[in-house]
Amino acid sequence: MKNITSYIEENKDKFLNELIELLKIPSISADSAYKKDVLLTADMVKTRLEEAGCDSVEICETDGNPIVYGEKIIDKALPTVLVYGHYDVQPADPMELWDSPPFEPVIKTTELHPEGAIFARGACDDKGQMYMHVKALEYMTSTNQLPCNVKFMIEGEEEVGSINLASFVKNNHEKLKNDIILISDTGMIAKDVPSITTGLRGLSYVEVEVSGPNRDLHSGLYGGAVANPINVLSKMIASLHDENNHITIPGFYDKVEELSKEERAEMAKAPFNLEAYKKSLNIKNVYGENGYTTNERNSIRPTLDVNGIWGGYIGEGAKTVIASKAFAKISMRLVPNQDWKEITELFQNHFESIAPEAVTVKVKPHHGGQGYVTPIDNIGYQAAAMAYEDTFGKAPIPQRGGGSIPIVALFEEELQSKTILMGFGLDSDAIHSPNEHYGIWNYLKGIETIPMFYKHFSELSK
């Protein structure tokens, strides 16, 4: 019977070409102009799941973008794995910073990826990682080696907060019933240092608007006499951190989980080269909350960041105006025990309270989600660790992740299932940024490792 490495070698070109076709479609969920492309991507995912061996695949309509659901049930007495992923992608802006068009995938070699990497929006987040699971299923079904039942739930709104997935999950408990949930939408420490993400930060995302005069004004005639919303907004945002980069919103840290010295010491064992980190980002030094290391700042501590700010004239040349309005988009990454709705309310109350009387402030909540921590003593984690050992030759390191997958906490609440985060991306993959890419080695290594998880989970479930 053909083993996984032989199967991958024989089908490598097909695996790459199929992923490239998927990456060509601009399935941007944040922009309604791409709605047809989103639907086209859902159709392609459905077709690929059918070709991979799912007995039943359907496109489930929602109030927004559809969810692709598929399943391969070989014996109801066997354990069931639910695979979650998403087919939508982030906007590609700013386009001028891409070395190649974001939806014209190209394979290029890099110092880190001498075997090549696919450059395209969604290459790593999450089309490439999601598609590993489709190809892993194909291997297991075509060689008659699938040891358990598999269900797929691939959505199209993750990048805008999984707006409609919550109601879908709540209304489909029986359809989604499982013994473990498997997700590849995270990363690992390095190509030679496998790791399993054991925690995710929560998220609160808001948009703020500061309004001043009823129209744009001449900055010579009115400057100094009328509040400039851009100036005011800049001051308000600057006040959200103190001199120690501590967030100043009252009550923001009240429920923050403080890790023990022992837990922080375990985290510190993960290999990390500060100079290489700075070099990869072309920065002079790191920056953040005093009293914490770089890896702690981006995983176990909450943050507040401005994701976009605009107002007034930004075209070529000069136009001397005081803008009528100024805007910003702000995200807060949260740690376990921080409730995203409570944090959103704290932000809104504080932001409105610090506004001078000369302007009007509106805070518009967008979306959010809870943080999540999965224990490492359950059989799902153990099966994942054994799978990585099989294919990497070494045990993976558990690590907390800095990103957010808001729906994971809901999965546990609604489906009473633990989630295992088997990511194969790298920090250098530039997800959400220009020149996003995913190493071919990582893509194929994921396809090789996932079947091992099914094998070990099924054996440990007996």
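If the requirement is being within 30 Å of residue 82 (Cβ to Cβ) and either hydroxyl-bearing (Ser, Thr, Tyr) or modelled with pLDDT of 95 or more (or both), which of these qualifies: 171, 214, 245, 228? If you could, list the steps in order and put the result at the bottom.
Values: 214 fails: within 30 Å of residue 82 (Cβ to Cβ); 245 fails: within 30 Å of residue 82 (Cβ to Cβ); 228 fails: within 30 Å of residue 82 (Cβ to Cβ).
Exactly one residue qualifies, and that residue is 171.
Determine which member of the set 237, 230, 249 is touching a helix residue (DSSP H, G or I) at 6+ places or on another chain (Cβ under 6 Å), more than 23 Å from residue 295 (Cβ to Cβ) and either among the hydrophobic types (A, V, I, L, M, F, W, C) or buried (at least 16 other Cβ atoms within 10 Å of the Cβ) (or both).
Step by step, each of 237, 230, 249 is checked, and only 249 is touching a helix residue (DSSP H, G or I) at 6+ places or on another chain (Cβ under 6 Å), more than 23 Å from residue 295 (Cβ to Cβ) and either among the hydrophobic types (A, V, I, L, M, F, W, C) or buried (at least 16 other Cβ atoms within 10 Å of the Cβ) (or both).
So, in the stretch 25-59, of the ones that are acidic (Asp, Glu) and closer than 23 Å to residue 14 by Cα, which residue ends up surrounded by the most Cβ atoms within 10 Å (Cβ to Cβ)?
Filtering the stretch 25-59 for residues that are acidic (Asp, Glu) and closer than 23 Å to residue 14 by Cα, the one surrounded by the most Cβ atoms within 10 Å (Cβ to Cβ) comes out as 37.
Pick out the one residue from 127, 76, 108 that is touching a His at 6+ places or on another chain (Cβ under 9 Å) and exposed (fewer than 15 other Cβ atoms within 10 Å of the Cβ).
Matching residue, one of 127, 76, 108: 108.
Residue-by-condition table, conditions (1) in a loop (DSSP other than H, G, I, E, B); (2) in contact (Cβ under 8 Å) with a residue 40 or more places away in the chain:
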position: 58; (1), (2): no, no
position: 65; (1), (2): yes, yes
position: 71; (1), (2): no, yes
position: 75; (1), (2): yes, yes
position: 78; (1), (2): yes, yes
position: 102; (1), (2): yes, yes
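Can you go through 341, 329, 325 and tell me which one is crowded, with 18+ Cβ neighbours inside 10 Å, of a type in the set (Lys, Arg) and modelled with pLDDT of 95 or more?
Unique residue meeting the criteria: 325.
Could you tell me which numbered condition residue 309 fails, if it satisfies all but one of (1) part of a loop (DSSP other than H, G, I, E, B); (2) aliphatic (A, V, I, L, M); (3) surrounded by fewer than 19 Cβ atoms within 10 Å (Cβ to Cβ)?
Result: residue 309 fails condition (1) only.
Listed here are the residues, each with its yes/no results for (1) within 21 Å of residue 89 (Cα to Cα); (2) surrounded by fewer than 20 Cβ atoms within 10 Å (Cβ to Cβ); (3) modelled with pLDDT under 95; (4) not assigned by TED's automatic domain parsing to the domain that holds residue 128.
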position: 423; (1), (2), (3), (4): yes, no, no, no
position: 427; (1), (2), (3), (4): yes, yes, yes, no
position: 441; (1), (2), (3), (4): no, yes, no, no
position: 451; (1), (2), (3), (4): no, no, no, no
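Is it true that some residue in the stretch 412-420 is surrounded by 19 or more Cβ atoms within 10 Å (Cβ to Cβ) and under 21 Å from residue 125 (Cα atoms)?
yes
The values are calculated or read from the model by the stated rules, or taken from the named source; none is laboratory data. As the structure is a prediction and not an experimental result, all values here were calculated from the model. Ideal geometry is used to build each Cβ from the backbone, glycine not excepted, and the neighbour counts take in all protein chains shown.
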